[in-house]
There are 2 protein chains.
Amino acid sequence: MRRLPLTLLAASLLLATGIASAATPTTIPATAVKTAERLRDKAMHDDTGYRIVESLTTEVGPRMAGSDADQRARDWAVAKFKALGYDKVYTEAVTYPLWERRSEHAAIVGPFAQPLVLSALGYSPGTPKGGLTAQVVKFDSLDALKAADPASVKGKIVYIGYRMQRAKDGHDYGMGSAVRTAGPPIAAAKGAAGYLLRSAGTDAHDRIAHTGVTGFRDPAKAIPAAALSNLDADQLERVLAYGKPVTLKLDLDCGVVGEYTGANVIGEITGRKHPDQVVAIGGHLDSWDPGTGAIDDGAGVAIAMAAGKLIRDLPQRPDRTIRVIAFANEEMGLWGGRAYADKHAGEVAKFQLGTESDFGAGPVWRMSASVKPEARKAIAQIAKVLAPIGVTYDAKKPGGGGSDLSQMHGKGMAALSLTQDGTHYFDWHHTANDTLDKIDPKELAQNVAVYAAFSYMAAQADGDFGSAPGAFANDGAGE
Amino acid sequence: MRRLPLTLLAASLLLATGIASAATPTTIPATAVKTAERLRDKAMHDDTGYRIVESLTTEVGPRMAGSDADQRARDWAVAKFKALGYDKVYTEAVTYPLWERRSEHAAIVGPFAQPLVLSALGYSPGTPKGGLTAQVVKFDSLDALKAADPASVKGKIVYIGYRMQRAKDGHDYGMGSAVRTAGPPIAAAKGAAGYLLRSAGTDAHDRIAHTGVTGFRDPAKAIPAAALSNLDADQLERVLAYGKPVTLKLDLDCGVVGEYTGANVIGEITGRKHPDQVVAIGGHLDSWDPGTGAIDDGAGVAIAMAAGKLIRDLPQRPDRTIRVIAFANEEMGLWGGRAYADKHAGEVAKFQLGTESDFGAGPVWRMSASVKPEARKAIAQIAKVLAPIGVTYDAKKPGGGGSDLSQMHGKGMAALSLTQDGTHYFDWHHTANDTLDKIDPKELAQNVAVYAAFSYMAAQADGDFGSAPGAFANDGAGE
């Protein structure tokens, strides 16, 4: 069970007993609510968001962190912010290890020789020249691998056959991604020669592998690691079911080749009254390489950019600044989000409220928040504006701020979670099938409506949401 | 409009006027009909067919004609026929040009540099070392290419953006495959440097290319030719819509490397009374290389093998021989079917009736026949046995005999067409997604029921179906 965060516990008690807080509650002025409703309704019929993600996925396409396309993606983001009329556009450097994928092949050597479709995982080293040939040993779960005698694993290629299930909130990615990130170092520590997983993806009929990052902490102890497509995992399991030893050959040409300095790209609609106070929204600019990064996370970048643009088009600037951040290298370990939080931790009290969109392009169906108790009324006002477009307010869950902005939330930024319908997200996530056709323009517009309306209301609020150093350290959002 | 075949015209007149033919009509004895009904009902609940296709796709996997897997597929077929208890198992050599695919890459060079997913087409030559870089010129149809001024095409990469539509009978593959086979030589004759098509496939959300053969007659005049995945075709068209010249780079390492001798693999259940008279059924053993050839055409091989096996399991052998043929290299130009017809043309009158399964694993929903008028009553008897499992008899359409056996039909073999539901066939056809999961075991069992019941009735018929040299030359089946 999730621990009940202390701040929420306090809030619940206050609500339950009806005792008013001594502090002044934060509220949204009625005129701001009206403007937010108009913003929302306009956004629902506006295609700015879709045109942005179409532009990014067409003009840049795949943009793996540190690749040739990384610079082009940043140039695109700077130009797009400017074209959309943002008041201030700038970048902040982010440095990280540069991992390259050059080629990847695999095959069953015997019995039943045949090629397998896989994708090397981020930070996987390559195999020795000529490939790695070894027997495969199968486990059904990460726990089974943890419990395994190292002698049964030593020198072999570990394969974990965990099959992810679809869910609206995508919760099974918790285990799916753990198999991908935690599994390889565990196998390496037991002396495995290589690591394969059944893709952390919910598609059942596509011969396409889901890539993603591993959790190797020490490059010297890393082993070649890759994800088989779900269909190839099915095939491998059928071959294993014959009961004979199965030998695989992995031939991965990839690895860390140095360091790279990219950047978070930031656009601002400058606040009229409190320019130094910011509502922070965003997405991440990098994508994995096999697809064009439409749902992960062109959509998030587009939703935030379009929301800011719609606020910018109002007759006057909002009271506080709307800051849209296109983060660098989320995929290989929140590098952009961590660099951002490290740089801006000291200003955390200036962050009015924040959240990032990074779960595809399905409609937002749930809102939750980590804010001070005195700001719950303002959150309820936001919820009331979002309810007509399908968003339910869950007052019991914390708000984590999304992937990169979770790092600022960790420093004490008040944050929302705006949960999208991710039923099909993991069918395409981190694959060649992450392409523009997966985005429904109307669903994307609903997201822009949500972000525009909430951001504007937060910017106009009388009072704050409780951001302060370490304010939400125990809210449970990180669990 | 389809020409009305002369034999059918005669049959229609006879039926219309009620005048009995002077010749004795062919009929199926009542006991044989009863046995066929029992065979049908047993087959509907029998998994022999599914187990065969599972075995082929798992133990051999992809088996492109002339590849290392070609010999293993033939070994598998010989062993499987024997394991199923066939009375006679043998091979007949088939020789054809050996085409190899080694690697294939493509990219948009500019504007908007990014990789493209494609598949080189059968008999495509490779590009020069270092790749072929040229401007792309787009046409919407084959007719538009035919009408093009050679000056507009010379030195460029021709791209045809024809989009195939789904249909139960798959009729749009007529145009889809024409773009793939007829297009490349037309482009080459106009001086094009290369040729690309939007995949001849009906999927709209898979970044996977549909390969297939080209129609180059003269290797000296061939140019590099490949199919873009539908999603990459969408992307290329979006880039072209910016109105700037678009340059592509193709890097295909493939080509004809000599000649190869494979074989048709044949299994027989020997006829008790007329061992030299045969009912011929089958599928093709080769597959394209990206998938495991489950629907194309592991299913067909399995359906025919399982049908023969069920007939073999009857208390006594049928009157005539059931001949199951697993054809060699259908994919690159009916090489197995043509070799078979050339070798056996002189015995055509001994072929009681025949047809091949090569349209996936969907249920058979329509039967049509090219037979002599006096055999229409027997065909109606077959239709009556198949009706309860969803097969409608279309007495106006000819029966073509399927892909390879169309060649024996061309020599005069009486033939059926047993049309499967191909609504989704072209979603997966010739792609990496042609895998076992696409087969519904119950639908496959229905196919086995159809083949077992019809084959048995044809084998037991009193009289023949009209096979004779040149008998059905004008029946329109080839149109």
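The values are calculated or read from the model by the stated rules, or taken from the named source; none is laboratory data. As the structure is a computational prediction, the values presented were derived from the model and not from experiment. Because the Cβ atoms are built from the backbone with ideal geometry, glycine has one as well, and the counts that use them run over all protein chains shown.
Brief remarks follow.
- Residue within the range A:392-415 that is closer than 25 Å to A:Val213 by Cβ, part of a strand (DSSP E or B) and assigned by TED's automatic domain parsing to the domain that holds A:His45 present: yes
- All conditions but one from (1) more than 29 Å from B:Trp288 (Cα to Cα); (2) surrounded by fewer than 24 Cβ atoms within 10 Å (Cβ to Cβ); (3) of a type in the set (Gly, Ala, Ser) apply to B:Gly410; the one that does not is (1).
- Test: residue in the range B:207-219 that is buried (at least 22 other Cβ atoms within 10 Å of the Cβ), of a type in the set (Lys, Arg), within 14 Å of another protein chain (Cβ to nearest Cβ) and over 26 Å from B:Gly336 (Cα atoms): yes
- Residues of the range B:188-206 classified as part of a loop (DSSP other than H, G, I, E, B) and either closer than 25 Å to A:Asp206 by Cα or without any contact (Cβ under 8 Å) to a residue 60 or more places away in the chain (or both), total: 11
- B:Lys309 in contact with a Leu (Cβ under 6 Å, 6 or more places away or on another chain) and away from chain A (no Cβ under 14 Å): yes
- For the range A:416-433, the candidate set comprises residues that are of a type in the set (S, T, N, Q) and assigned to a loop (DSSP other than H, G, I, E, B); within that set, the residue that is nearest to B:Leu228 (Cα to Cα) is A:Asn433.
Okay, residues lined up against (1) over 25 Å from A:Arg238 (Cβ atoms); (2) in contact with a strand residue (DSSP E or B) (Cβ under 8 Å, 6 or more places away or on another chain); (3) without any contact (Cβ under 8 Å) to a residue 40 or more places away in the chain:
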position: B:His429; (1), (2), (3): no, no, no
position: B:Ala432; (1), (2), (3): no, no, no
position: B:Tyr451; (1), (2), (3): yes, yes, no
position: B:Ala459; (1), (2), (3): yes, yes, no
position: B:Asp464; (1), (2), (3): yes, yes, no
position: B:Phe472; (1), (2), (3): yes, yes, no
position: B:Gly476; (1), (2), (3): yes, no, no
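- Residue that is under 23 Å from B:Arg198 (Cβ atoms), among the hydrophobic types (A, V, I, L, M, F, W, C) and touching a residue at least 60 places away in the same chain (Cβ under 8 Å), where the choices are B:Val278, B:Val246: B:Val246
- Flag for B:Thr419 being farther than 18 Å from B:Gly282 by Cα and either in the same structural domain as B:Tyr393 (by TED's automatic domain parsing) or surrounded by fewer than 24 Cβ atoms within 10 Å (Cβ to Cβ) (or both): no
- A count restricted to the range A:269-307 and to residues that are outside any loop (DSSP other than H, G, I, E, B) and crowded, with 24+ Cβ neighbours inside 10 Å stands at 22.
- Scanning the range A:166-204 for residues that are within 14 Å of chain B (Cβ to nearest Cβ) and surrounded by fewer than 15 Cβ atoms within 10 Å (Cβ to Cβ) yields a single hit, A:Ala204.
- Which listed residue is part of a loop (DSSP other than H, G, I, E, B), of a type outside the set (Ser, Thr, Tyr) and under 29 Å from the mean Cα position of the chain (by Cα), from B:Ala209, B:Ala220, B:Ala226: B:Ala209
- Some residue of the range B:141-150 being within 14 Å of another protein chain (Cβ to nearest Cβ), polar (S, T, N, Q) and farther than 24 Å from B:Trp288 by Cα: no
- A:Gln135 vs. criteria outside the structural domain of A:Ala328 (by TED's automatic domain parsing) and surrounded by fewer than 20 Cβ atoms within 10 Å (Cβ to Cβ): yes
- Pairs where the first residue, in the range A:110-137, is more than 14 Å from every other protein chain (Cβ to nearest Cβ) and without any contact (Cβ under 8 Å) to a residue 60 or more places away in the chain and the second is hydroxyl-bearing (Ser, Thr, Tyr) and surrounded by fewer than 18 Cβ atoms within 10 Å (Cβ to Cβ), C-beta under 7 Å, 6+ apart: A:Val137/A:Ser152
- Which numbered condition B:Trp76 fails, given (1) buried (at least 16 other Cβ atoms within 10 Å of the Cβ); (2) aromatic (Phe, Trp, Tyr); (3) away from every other protein chain (no Cβ under 13 Å); (4) under 30 Å from B:Ala458 (Cβ atoms): (3)
Table: residues versus (1) within 14 Å of another protein chain (Cβ to nearest Cβ); (2) among the polar types (S, T, N, Q); (3) at positive phi.
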position: A:Arg238; (1), (2), (3): yes, no, no
position: A:Lys244; (1), (2), (3): yes, no, no
position: A:Gly255; (1), (2), (3): no, no, yes
position: A:Gly262; (1), (2), (3): no, no, no
position: A:Glu268; (1), (2), (3): no, no, no
position: A:Arg272; (1), (2), (3): no, no, no
position: A:Trp288; (1), (2), (3): yes, no, no
position: A:Asp297; (1), (2), (3): no, no, no
position: A:Met305; (1), (2), (3): no, no, no
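- Considering residues of the range B:138-151 that are surrounded by 13 or more Cβ atoms within 10 Å (Cβ to Cβ), out of contact with any Gly (no Cβ under 8 Å at 6 or more places or on another chain) and free of Cβ contacts under 8 Å to residues at least 40 places away in the same chain only, the residue nearest to B:Cys254 (Cα to Cα): B:Ser141
- Residue list for the range B:32-68, filter: of a type in the set (Gly, Ala, Ser) and either crowded, with 22+ Cβ neighbours inside 10 Å or more than 11 Å from chain A (Cβ to nearest Cβ) (or both): B:Ala32, B:Ala36, B:Ala43, B:Gly49, B:Gly61, B:Ala65, B:Gly66
- Some residue of the range B:238-247 being out of contact with any His (no Cβ under 8 Å at 6 or more places or on another chain), surrounded by 24 or more Cβ atoms within 10 Å (Cβ to Cβ) and either within 30 Å of A:Asp427 (Cβ to Cβ) or not assigned by TED's automatic domain parsing to the domain that holds B:Leu145 (or both): no
- Counting residues in the range A:15-36 that are at pLDDT below 95, assigned to a helix (DSSP H, G or I) and not aliphatic (A, V, I, L, M) gives one or more.
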